[in-house]
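Peer 1: Below are the structure tokens for one structure; questions will follow.
The values are calculated or read from the model by the stated rules, or taken from the named source; none is laboratory data. Everything numeric here is computed off the predicted structure, so don't read it as measured data. With ideal geometry, Cβ positions are generated from the backbone for all residues, glycine too; neighbour counts draw on all protein chains shown. Surface areas here come from the heavy atoms of the whole protein model, side chains and all, with no ligands, DNA or RNA. Shrake-Rupley method; radii C 1.70, N 1.55, O 1.52, S 1.80 Å.
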Amino acid sequence: MVKSFPILRVVGNGIDTMVTTGANGEILLPNLIAGTYEVREMSVHSPYILDTTPKIVEIKPSTTSKVIYQ
């Protein structure tokens, strides 16, 4: 059986992309420019519940930013 991972939509600064998390639940977007982005869950697998609340994240140069969905 193939396990599906959550799909997130990342929007901001001319970016509008869908990304699938890895098995660890993380995504890596190394070439984002500094600025504000909206991250939204688009799909999750059972037994998780989709959280449709958009999360806003501020990306700063040379730092790691986190958005946490529970």
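Peer 1: Quote the FRET efficiency, to the nearest 0.05, computed for Thr36 versus Phe5 with a Förster distance R0 of 35 Å and r equal to the Cβ-Cβ distance.
Peer 2: 0.90
Peer 1: I need the phi-derived Karplus couplings for the range 15-20: 6.51 cos²θ - 1.76 cosθ + 1.60, θ = phi - 60°, integer Hz, Gly and Pro marked x.
Peer 2: Working through the residues one at a time gives 9, 8, 9, 9, 10, 9 Hz.
Peer 1: Please give me the summed charge of the neighbours of Gly35: other residues whose Cβ is under 13 Å from its Cβ, Lys and Arg +1, Asp and Glu -1.
Peer 2: Spelling it out: positives minus negatives among the neighbours equals -1.
Peer 1: I'd like the chymotrypsin sites (Phe, Trp or Tyr not before Pro) in the chain restricted to DSSP loop residues with at most 15 other Cβ atoms within 10 Å, sorted by number.
Peer 2: Filter output for the chain: Tyr48.
Peer 1: Let me ask you something else. At a threshold of 8 angstrom on Cα-Cα distance, excluding pairs fewer than six apart, so keeping six or more, what relative contact order does the chain reach in percent?
Peer 2: So the answer I get is 29 percent.
Peer 1: Then there's this: Taking amide hydrogens as modeled 1.01 Å from N in the peptide plane, which residues meet the under 5 Å criterion relative to Ser43, leaving out close sequence neighbours?
Peer 2: When sequence neighbours closer than 5 places are left aside, the close amide H contacts are Ile7.
Peer 1: Please report, in debye to the nearest 20, how large the charge dipole of the chain is about its Cα centre when each Lys and Arg carries +1 at its beta carbon and each Asp and Glu carries -1 there.
Peer 2: 80
Peer 1: For the range 1-68, take the convex hull of the Cα atoms, compute a quarter of its surface area, and give me that in nm², please.
Peer 2: That works out to 4.8 nm², a quarter of the Cα hull's surface.
Peer 1: So what J values fall out for the range 56-62 if you push phi through Karplus, 6.51 cos²θ - 1.76 cosθ + 1.60 with θ = phi - 60°, rounded to Hz, Gly and Pro as x?
Peer 2: Calculated HN-Hα couplings, in order: 9, 10, 9, 8, 10, x, 6 Hz.
Peer 1: Right, another one. How many nm is it between the label spots at Asp16 and Ile49, if each spot is 7 Å from the Cα in line with the beta carbon?
Peer 2: The two pseudo-label positions are separated by 3.0 nm.
Peer 1: From the phi angles alone, apply the Karplus equation (6.51, -1.76, 1.60; θ = phi - 60°) to the range 25-32 and give each ³J(HN,Hα) in whole Hz, x where the residue is Gly or Pro.
Peer 2: Karplus-based 3J(HN,Hα) across the range 25-32 equals x, 10, 10, 10, 10, x, 10, 5 Hz.
Peer 1: With all protein chains present, how much of the accessible area of the chain (probe radius 1.4 Å) comes from carbon and sulfur, to the nearest whole percent?
Peer 2: 55
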